[in-house]
1. Can you give me the % of accessible surface on region 166-228 that is carbon or sulfur? Probe 1.4 Å, all protein chains present, nothing else counted.
2. With every protein chain left in place, what is the accessible area per residue of region 85-164 in square angstrom, probe 1.4 Å?
3. For LYS229, which sequence-distant residues (separation of 5 or more, or a different chain) have an amide H within less than 5 Å of its own amide H, given hydrogens modelled in the peptide plane?
4. Would you mind putting 309-322, 192-205 in packing order, based on average other-beta-carbon counts within 10 Å, highest first?
5. Please state the relative contact order of region 128-240 as a whole percent: Cα pairs under 8 Å, 6+ residues apart?
6. Ignoring ligands, DNA and RNA, what percent of the accessible area of region 1-41 is carbon or sulfur (1.4 Å)?
7. If you take every residue apart from ALA199 with its C-beta less than 14 Å away from the C-beta of ALA199, what net charge results, scoring Lys and Arg +1 and Asp and Glu -1?
Amino acid sequence: CVAQKAKRYGTELSLSEQEFESTWNTVKPRKQFQPLRKKMLSIQAQAEEVIQSLKPFTFDAYEVKLNRPTGDSNNVFYHYRLRIDELTAAKQISTASNYRLAAKALKAYHSAEVLPFVSITPKFLQGFENYMVSIGRSLTTVSMYLRTLRTIFNDAIASKDVNPELYPFGRRKYVVPASQNVKKALTPEQLRDLMDAQATTPDQERARRFFFFSYASNGMNMKDIALLKWQQVETDKLTFFRQKTKLTKKDKQKPITVFLTDFHREVLEQYGTDPKRSEYVFPILEDGMDAEKQHGTVKNFTSYVNQHLAKLCKANNLQKVSTYWARHSFATVAVRKGASMEFMREALGHSDMKTTLNYFAGFDDEAKKEFASTIMDF
């Protein structure tokens with residue numbers, strides 16, 4: 001026998017004991033009590049309908065469904081608000097921002113505060129794609145926004161708010177356009193030129209150092225660098241989890257290990273904090289910052305590095321680069337030096353080989369040619 005808990009919920013009705021007995025605890029209430037009895041039956045039916053839709057049942061889910069305004073279950077924007085609140089609570093600020101922007105774009109296209117799921121048809125989705133392209137947005141942006149909508153649709157189906165037959169995505173319906181991100185990587189010669197370039201300000205030198213710290217650390221992104229703590233740094237190596245996938249793929253995620261070089265030690269010595277004064281390796285974040293503040297600070301720091309990298313490149317007539325290039329440059333150079341796809345999957349922190357192969361698909365023809373020439377070298 002499984003123990004069951006009970007919980008009481010109030011209603012909008014307020015009755016005396018006599019009124020309750022005359023209305024509810026009677027087989028056939030008098031005429032003056034029949035409208036009230038009808039209202040009580042309606043409340044009961046609504047509660048039972050919500051309970052039946054919840055498998056497994058939880059009080060939290062029940063309260064959300066029971067207390068929401070009529071019609072919200074079928075409103076796409078309501079489900080966006082739920083997802084954004086969940087992501088914000090989980091400190092996934094950047095992802096929450098993506099969902100917020102997607103909802104804003106859909107609202108601009110739909111021109112209404114309510115968007116019923118039944119309105120999301122393949123024709124609607126194609127129209128949204130055409131609209132976004134017409135106002136100058138890339139297919140990459142369209143892809144990002146519509147992938148959030150696809151998730152929202154799946155959530156609504158899972159919570160039994162939407163009939164699965166309304167699902168508009170997939171083969172012979174609407175297919176979300178593939179992301180068109182161009183994988184940007186520097187050749188070894190370009191990397192050498194960037195390392196040897198003449199920096200005219202301390203900011204340019206600092207930006208270059210952090211670019212190459214990222215490059216030398218398996219393409220570690222700026223957020224992971226900012227969040228790096230002294231407890232993750234040992235004598236000969238540092239270990240970290242990618243923040244990008246820490247919550248979404250925590251069941252598959254493995255730590256990434258980077259063995260320290262002389263260059264790493266130089267950067268740590270020059271720009272690192274005092275371990276006795278701060279838990280963070282670099283003076284980017286401060287102890288006690290909340291997730292929102294951390295997100296804004298990392299964004300500002302990344303912009304700072306990119307701004308001064310651009311100035312360094314311009315002053316030395318080099319290819320303009322950003323922090324985005326460091327990760328793909330690491331991957332490209334590693335493959336050119338004979339690294340296997342399995343090694344690259346582990347080094348880049350990918351949960352599956354498909355993502356790693358997508359990286360390789362973005363390499364230039366020269367990199368692919370060099371890789372192909374090594375695969376039969378037993």
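The values are calculated or read from the model by the stated rules, or taken from the named source; none is laboratory data. Fair warning: this is a prediction, and the values are worked out from it, not measured in the lab. Cβ coordinates were reconstructed from backbone atoms using ideal geometry, including for glycine residues, and neighbour counts include every protein chain displayed. The accessibility values were calculated without ligands, DNA or RNA, using every heavy atom of the protein model including side chains. Shrake-Rupley method; radii C 1.70, N 1.55, O 1.52, S 1.80 Å.
1. 49 percent
2. Each residue of region 85-164 exposes 51 Å² on average to a 1.4 Å probe.
3. VAL281
4. Final packing ranking: 309-322, 192-205.
5. Result for region 128-240 is 18 percent.
6. Working: 2030 of 4060 Å².
Taking all protein chains in place, region 1-41 shows 50 percent carbon and sulfur surface.
7. Details: positive: ARG206, ARG208, ARG209, LYS311, LYS314; negative: ASP193, ASP196, ASP203, GLU205.
Neighbourhood net charge equals +1.
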